[in-house]
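The values are calculated or read from the model by the stated rules, or taken from the named source; none is laboratory data. Fair warning: this is a prediction, and the values are worked out from it, not measured in the lab. Neighbour counts run over all protein chains shown; Cβ positions are idealised from the backbone, glycine included. The protein model used for the area step is the full one, side chains on, heavy atoms only, and it has no ligands, DNA or RNA in it. Shrake-Rupley method; radii C 1.70, N 1.55, O 1.52, S 1.80 Å.
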Amino acid sequence: MAKDDRFIITGLGGAKTLRGELVIGGAKNEVLKVLAGSILFCDELTLTNVPEIEDVWRMIELLKGLGIKVRQLEKNKYHLETKGLNNFSLASEISKKLRASIVVTGPLLARLGKVVFPYPGGCVIGKRPIDLFLSGFEKMGATITENEEGFVIEASRGKLQGAEIFFKNQSVTATETFIMAGVLAEGQTVLKNCALEPEIVSLGEWLNECGAKITGLGTSTITIHGGDLLVGEGKTHETLADRIEAGSFLILGALTAADLLIKKCRPEHLDALIAYLSEAGVKIEIGFDWIKVINKGDEKFTALDVKTHEYPGFPTDLQAPFAIFLTQADGQSYIFETIFEGRLNYFEALGRMGAKVKVLDSHRAIIDGPTPLSGREIESPDLRAGLAYVLAAIIASDESVVHNVEYIDRGYEEIEKRLASLGLDIKRISGNCS
Ligand code: EPU
């Protein structure tokens, strides 16, 4: 998947004709942390249902740079061996491109007593500070030196100390980082105002299975009793189903499908989206691990006000795809993005496609619908907005060109093949764009 890849999509012009099944892959935002968690292990572990996406490959490169051996056993299955782990410096080039690299700092500092890392990168969706990480490490007895390149953090006498840490914002990656730091710290760590995302629970349960002592997962107070390195020999972790991928496909189904079955997902992790779509008038059937959308083709959806919120509220990662849905809903909708202030940048291009949208400020926007969209050349600004543009291109009339596909590749495995299997005309063109 080269840089400058683009998708050429022939839009359906509002028709709901796609038909078939999509199988949900492993969750990017879980497996990246489980990979980082391998640092806590003394021996080896096996991971299955690993999505073959850019961010996973970047994380694997990062771990290899630390001395961990990673082998692909087959597609979506990896084996990691951690005995050779000896480097406390995160490769700068990779870290700058991967926000999740910040999560590696917790287990690495806890294991080696020192970590050196640059300012972390990732999708440009607002300020994305790391103050919670720095103050948390200080609470655990570490000293921080900042220089032009980034940070050097050292634990006093080589070992983190258990501490009580209150997060002033509920942060997914900070919660995960300090759970993992606590696993090898001396004594007890208590984390307050934790994020509740299912990916965090799944990570914690896996660590517990391998010897960690973490309680309170899925609640706002998590306690970790520090102990020895974890043992993964003979153990396999299956990555949790990706709720954001499933949610994106559910929105796709509502907008474009005669009949779409989404398989191998966890519907209970999508309560907020399902409630909103149902309220708007989308007919959804739900089973134990599947969701089905059936459209007659002439349904009218009603406008809604949506406010993003930490889990179990409406996920910020589905805000942009959901905005595409709202362009086709009847009436005025209002979007309030409460988590990140840079996540409405994609609206400008939606306006060029014919959507009636107005951005009020960096957190709020209004959408008037329904409006037919027209195919255009558009550039993905980040992963989730990129997927939203693909959705917009599918409902639009005529052809659209979606640039910066490398953003979409960071989070969705072989997306064009999967969409083509539903009857969509979508092609990937590689190489420099004109
Ligand atoms: N925050 C701080 N200080 C910090 C860290 C975060 O103030 O030190 C604030 C942020 O500015 C934000 C809020 O806390 O306002 C929540 O951000 P959080 O830390 O939860 O976001 P994140 O951990 O950086 C993860 C996902 C994102 C997802 C958010 C929210 C990973 C690798 N990333 O980011 O996923 O949007 O949680 O659910 O897990 C994506 O997959 O496209 C993506 C961006």
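Details
- Total residues in the stretch 149-175, condition in contact with a strand residue (DSSP E or B) (Cβ under 9 Å, 6 or more places away or on another chain), within 16 Å of the ligand (Cβ to nearest atom) and in a helix (DSSP H, G or I): 2
- If you go through the stretch 288-300 and pick out every residue that is open to solvent by less than 20 Å² (accessible area, probe 1.4 Å) and either in contact with a Pro (Cβ under 7 Å, 6 or more places away or on another chain) or at pLDDT 95 or above (or both), you end up with 2.
- The condition (being in a helix (DSSP H, G or I) and open to solvent by less than 40 Å² (accessible area, probe 1.4 Å)) is satisfied by just one residue among Lys16, Lys33: Lys33.
- Qualifying position, being more than 16 Å from the ligand (Cβ to nearest atom) and either free of Cβ contacts under 8 Å to residues at least 40 places away in the same chain or not in a loop (DSSP other than H, G, I, E, B) (or both), among Leu273, Leu318, Leu277: Leu277
- In the stretch 369-387, the qualifying residues are those that are touching a Ser or Thr at 6+ places or on another chain (Cβ under 9 Å) and within 17 Å of Phe340 (Cα to Cα), and the one that is nearest to the ligand (Cβ to nearest atom) is Arg384.
- Candidates Gly37, Gly25: the one that is small (Gly, Ala, Ser), farther than 30 Å from His403 by Cβ and within 16 Å of the ligand (Cβ to nearest atom) is Gly37.
- Qualifying residue in the stretch 399-410 (condition: part of a strand (DSSP E or B), over 21 Å from the mean Cα position of the chain (by Cα), within 24 Å of Ile262 (Cβ to Cβ) and touching a residue at least 60 places away in the same chain (Cβ under 8 Å)): yes
- Any hit, the stretch 119-131, residues being away from the ligand (no atom under 15 Å from the Cβ) and either open to solvent by 20 Å² or more (accessible area, probe 1.4 Å) or modelled with pLDDT under 95 (or both): no
- Any chance Thr236 is among the β-branched types (Val, Ile, Thr) and either within 16 Å of the ligand (Cβ to nearest atom) or buried (at least 23 other Cβ atoms within 10 Å of the Cβ) (or both): no
- Total residues in the stretch 357-368, condition away from the ligand (no atom under 16 Å from the Cβ) and in a strand (DSSP E or B): 7
- The stretch 245-268: number of residues that are small (Gly, Ala, Ser) and either outside any helix (DSSP H, G or I) or touching a Gly at 6+ places or on another chain (Cβ under 8 Å) (or both): 2
- On inspection, Val103 does not qualify as at pLDDT below 95, out of contact with any strand residue (DSSP E or B) (no Cβ under 8 Å at 6 or more places or on another chain) and either among the aliphatic types (A, V, I, L, M) or in a strand (DSSP E or B) (or both).
- Pick from the stretch 260-283, criterion among the basic types (Lys, Arg) and either under 16 Å from Asp242 (Cβ atoms) or touching a Phe, Trp or Tyr at 6+ places or on another chain (Cβ under 6 Å) (or both), ranking: surrounded by the most Cβ atoms within 10 Å (Cβ to Cβ): Arg266
- Taking the criterion of being within 16 Å of the ligand (Cβ to nearest atom) and hydrophobic (A, V, I, L, M, F, W, C), the residues of the stretch 392-419 that qualify are Val405, Ile408, Ile415.
- Among the residues of the stretch 333-356, those that are open to solvent by less than 40 Å² (accessible area, probe 1.4 Å) and part of a strand (DSSP E or B) comprise Ser333, Ile335.
- Those strands (runs of 3 or more DSSP E) of the stretch 182-231 that lie entirely within it include none in which at least 1 residues are within 17 Å of Leu45 (Cβ to Cβ) and touching a residue at least 40 places away in the same chain (Cβ under 8 Å).
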